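> One structure coming up, written as structure tokens, with questions to follow.
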Amino acid sequence: MADENIEAVEPVEESLDLPTVEEGEDDTTDYKAEALKLRDKAIAQRERTKALKKELSDTKRAVEIAAGLKKEPTPVKTGDLDETQLDYLDLKGVSDAEDVKVIEDIVKKTGQTVRQALKDDYVIAKLEANKAKRDVKGATPSSTKRAGGQVGDIASAAARFKDTGVLPDDKALADAVVDSLTKAGNDRLPPWQR
């Protein structure tokens, strides 16, 4: 089948067809026009070759599939979310790893899209429960000496920073925590200035 198509293609002439100039005559050949003709001929030949190679590979693939040597490629669905889906979730405010895992599991189990999963009642309830759990965990003081201190207290924020390594969101409080930790490490200051 492929051999029939190859024979049907017109052969390309290989000669350059440049005019001959005898000795003593002026050369009036337009070499720029000749170069353009050769370029166009080369482009056409490359296109024909590319089309023939594609047709040949398609024919080989069809023969292998028909003979049972090779199976048709099927798309592999892993259930993992791709970057576009993760960006969509991030845009919708779902960026916590636990929430993404919930949606990923639902997409795997049900075959729904991410948009459909976000509208599912179970997913909505689960995401709200996770958010409530995170809010409670963030509001509960850590197990430090000053855990019962007032909210915004520099000492409790410094202790929380030592435990978790995260500075408070409040810029003034974060600056105060950094200053207090810097002063605490300075043994040249008197104790009442630390």
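> Which one of E7, E13 is exposed (fewer than 10 other Cβ atoms within 10 Å of the Cβ), modelled with pLDDT under 75, in a loop (DSSP other than H, G, I, E, B) and not assigned by TED's automatic domain parsing to the domain that holds L118?
Only one candidate qualifies: E13.
> Follow-up. Restricting attention to region 27-45, which residues are modelled with pLDDT under 80 and acidic (D, E)?
The initial filter retains those residues of region 27-45 that are modelled with pLDDT under 80, namely 27-29.
The one that is modelled with pLDDT under 80 and acidic (D, E): D27.
> Restricting the search to region 111-133, which residues are surrounded by 13 or more Cβ atoms within 10 Å (Cβ to Cβ) and either assigned to a helix (DSSP H, G or I) or touching a strand residue (DSSP E or B) at 6+ places or on another chain (Cβ under 6 Å) (or both)? Steps first, answer last, please.
Let us first name the residues in region 111-133 that are surrounded by 13 or more Cβ atoms within 10 Å (Cβ to Cβ), namely 112, 114, 116-118, 120, 123, 126-127, 130-131.
Correct list: V114, Q116, A117, L118, V123, K126, L127, N130, K131.
The values are calculated or read from the model by the stated rules, or taken from the named source; none is laboratory data. This is a predicted model, so every value here is computed, not measured. Heads up, the Cβs are rebuilt from the backbone with ideal geometry, glycines too, and the neighbour counts pull from every protein chain shown.
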